[in-house]
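The values are calculated or read from the model by the stated rules, or taken from the named source; none is laboratory data. Just so you know, these numbers come straight off a predicted model, no measurement behind them. Cβ atoms come from the backbone with ideal geometry, glycine included; neighbour counts cover every protein chain shown. These accessible areas exclude ligands, DNA and RNA; they are computed on the full protein's heavy atoms, side chains included. Shrake-Rupley method; radii C 1.70, N 1.55, O 1.52, S 1.80 Å.
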Amino acid sequence: MAFDPQRLQGIIACPKTKARLVCDGDFLVSVDPASRLKYPIRDGIPVMLVDEAEEVSPEEWAAIMQRHERNPETGEAVS
């Protein structure tokens, strides 16, 4: 069974900051603007280990937030 990020959207969170995550390609990205962490999805399984996470640049994080209809400065959902 493959990972379905839409199904788990309200359940999973960043293990470091407890912020929500958005699925962007093969990564889950924290909506926390201070940490800007992304977690890999390998073979359909999210790797939710802080040691495996990468910090993305502010520009890349803002672009990801815009793609997911979130404020590119705060990460909050845009209505």
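Would you call C23 part of a loop (DSSP other than H, G, I, E, B), surrounded by 17 or more Cβ atoms within 10 Å (Cβ to Cβ) and touching a residue at least 12 places away in the same chain (Cβ under 8 Å)? When the stated conditions are applied, C23 does not pass them. Of everything in the stretch 26-53 that is open to solvent by 90 Å² or more (accessible area, probe 1.4 Å) and either under 15 Å from I12 (Cβ atoms) or outside any loop (DSSP other than H, G, I, E, B) (or both), the residue that is modelled with the lowest pLDDT is I45.
Annotation: P15 fulfils all but one of (1) exposed (fewer than 11 other Cβ atoms within 10 Å of the Cβ); (2) at pLDDT 90 or above; the unmet one is (1). With (1) at pLDDT 95 or above; (2) hydrophobic (A, V, I, L, M, F, W, C); (3) not in a helix (DSSP H, G or I) as the list, and W61 as the residue in question, which single condition is left unmet? That leaves (3) as the condition not met.
For the stretch 58-75, the set of residues classified as of a type in the set (S, T, N, Q) and free of Cβ contacts under 8 Å to residues at least 12 places away in the same chain consists of Q66, N71, listed by residue number.
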